[in-house]
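Notes to accompany the following structure.
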Amino acid sequence: MRHYSRLASLNYSISENFYPLGSCTMKYNPVANEAAAQLPGFAYLHPYQDQATAQGALELMHLLEAALCTVAGVDRVTLQPAAGAHGEWTALRMIQAYHQARGERRDQVLVPDSAHGTNPASAALCGFQVVEVRSGADGRISVADLESKLNQRVAALMLTNPNTLGLFEREILEVAEMVHATGAKLYYDGANLNALMGICRPGDMGFDAVHMNLHKTFTTPHGGGGPGAGPVGVKSDLEPFLPKPTIERRNGHFELDEERPHSIGRVRSFYGNFGMLVRAYTYILAMGGDGLAQASEDAVLAANYLRSRLQGVLDLPHDGPCMHEFVASARNLAEHGVKALDVAKGLLERGYYAPTVYFPLIVPEAVMVEPTETESKATLDAFADTVKEVADLARTDPQRLHAEPVSLPVGRLDEVAAARRPVLRWNAASESPTEAP
Ligand SMILES: *Cc1c(COP(=O)(O)O)cnc(C)c1O
């Protein structure tokens, strides 16, 4: 009993601590979401239950689809995909089916060098050849490089806006026009809509398909906290290819429509992670449209405040303002032999979860931070002070920083050995789980 309680107390969690992870929005998980998901009518549904007895659940899914259509500016949404990466793959399969239905063979997908790693992986898994598009010095997609790579073989360009550097792609309308002019589709990686929900919409920017991570933007638990959900929205010309069944309202009833001849098929057992759909819908209702817009504004404000507090502490390779996140660089500490990894370990030692480091790949010694909208100024100030403390230590006593963390259950791991020869069994002889394996 003590063993498990002690392990539980070692957890670092979003409900207790600041979680400045960039790119993978780690938002709070409102308790109201849990209360709704635990309502017996939702919690005890059986997936094989007759549709006539699950009308409330189908209505909730129908309403969530409508809400996500409004947020993203698309015509239809499928709720089936179980993760962001799964949503990317689902959307690319639809785009592939769309081109095939028109008798076109398009075997390439363009992906910017700042993209999240799941983008090229999803494209490759669909059988596409991945072609990288370079970013310019300003951290935004190079329109000239894009132009040189667009041709009749290209099925889609995958983009996110703001991009993973937290920068808005100002030339998005021109990019959309160029992509559409060659007959290709424009795909939006909407894992994090934190910067723009309620303010502007991927559909209005010219995107044809978009995935949204309910476990990021829409506050459902993330990673180890619960299953994910990555709904995909599409414009009407991709609608015939949506995974089936879709949820339709006919004569005042909700039905699952399996009669969809062009559908790419089912992509997930049953209808997706239903409990997560209840949580996300609860969040959307609790916030309302104005509340979602306010969340975006506060997220952008928090990121810009923190960014400005880190000026002179770390390098800021791109001009601001940023959107919901920003990417700093620890290369200003290189002369002291200190790397981004050391900064991350120093933050762990001082009670913080580490920011994302070494991503995006185009920024050397990247330290990527997203504070989210719910953190107070006091939390942001305390974090900024701690980053400064670590940077100061890098200059005055780099050896000490290299040894950190020293007060956590494990110190510096041999990361290669940890992956190749993991020690997964608690060692009773050591009398404590705090000894590094
Ligand atoms: C998190 C994330 C993804 C992938 O989402 P998963 O649910 O982890 O598969 C894709 N793109 C971006 C930009 C992300 O932040």
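The values are calculated or read from the model by the stated rules, or taken from the named source; none is laboratory data. In this text, all values refer to a predicted model and were calculated from it rather than measured experimentally. Heads up, the Cβs are rebuilt from the backbone with ideal geometry, glycines too, and the neighbour counts pull from every protein chain shown. SASA here: full protein model, heavy atoms, side chains in, ligands and nucleic acids out. Shrake-Rupley method; radii C 1.70, N 1.55, O 1.52, S 1.80 Å.
Brief remarks on what is shown
- Single residue of the stretch 25-34 satisfying the filter (hydrophobic (A, V, I, L, M, F, W, C) and touching a residue at least 40 places away in the same chain (Cβ under 8 Å)) that is surrounded by the fewest Cβ atoms within 10 Å (Cβ to Cβ): 32
- Selection status of residue 51, of a type outside the set (D, E, K, R) and either open to solvent by 40 Å² or more (accessible area, probe 1.4 Å) or not assigned by TED's automatic domain parsing to the domain that holds residue 121 (or both): yes
- The selection criterion, being assigned by TED's automatic domain parsing to the domain that holds residue 191, over 23 Å from the mean Cα position of the chain (by Cα), surrounded by fewer than 22 Cβ atoms within 10 Å (Cβ to Cβ) and not β-branched (Val, Ile, Thr), does not hold for residue 351.
Residue-wise test of (1) out of contact with any Gly (no Cβ under 8 Å at 6 or more places or on another chain); (2) buried (at least 18 other Cβ atoms within 10 Å of the Cβ); (3) within 18 Å of residue 204 (Cα to Cα).
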residue: 144; (1), (2), (3): yes, no, no
residue: 157; (1), (2), (3): yes, yes, yes
residue: 160; (1), (2), (3): no, yes, yes
residue: 169; (1), (2), (3): yes, yes, yes
residue: 172; (1), (2), (3): no, yes, yes
residue: 182; (1), (2), (3): yes, no, no
residue: 188; (1), (2), (3): yes, yes, yes
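- Filter result for residue 209 (farther than 26 Å from residue 371 by Cβ and either of a type in the set (A, V, I, L, M) or within 16 Å of the ligand (Cβ to nearest atom) (or both)): yes
- Among the candidates 397, 392, 385, the residue that is outside the structural domain of residue 194 (by TED's automatic domain parsing), surrounded by fewer than 17 Cβ atoms within 10 Å (Cβ to Cβ) and in contact with a Lys or Arg (Cβ under 9 Å, 6 or more places away or on another chain) is uniquely 385.
- Comparison of 361, 408, 413, 424 shows that the only residue that is free of Cβ contacts under 8 Å to residues at least 12 places away in the same chain and assigned to a loop (DSSP other than H, G, I, E, B) is 424.
- In the stretch 191-210, the count of residues that are surrounded by 19 or more Cβ atoms within 10 Å (Cβ to Cβ) and polar (S, T, N, Q) is one or more.
- A residue that is away from the ligand (no atom under 16 Å from the Cβ) and surrounded by fewer than 15 Cβ atoms within 10 Å (Cβ to Cβ) occurs nowhere in the stretch 108-124.
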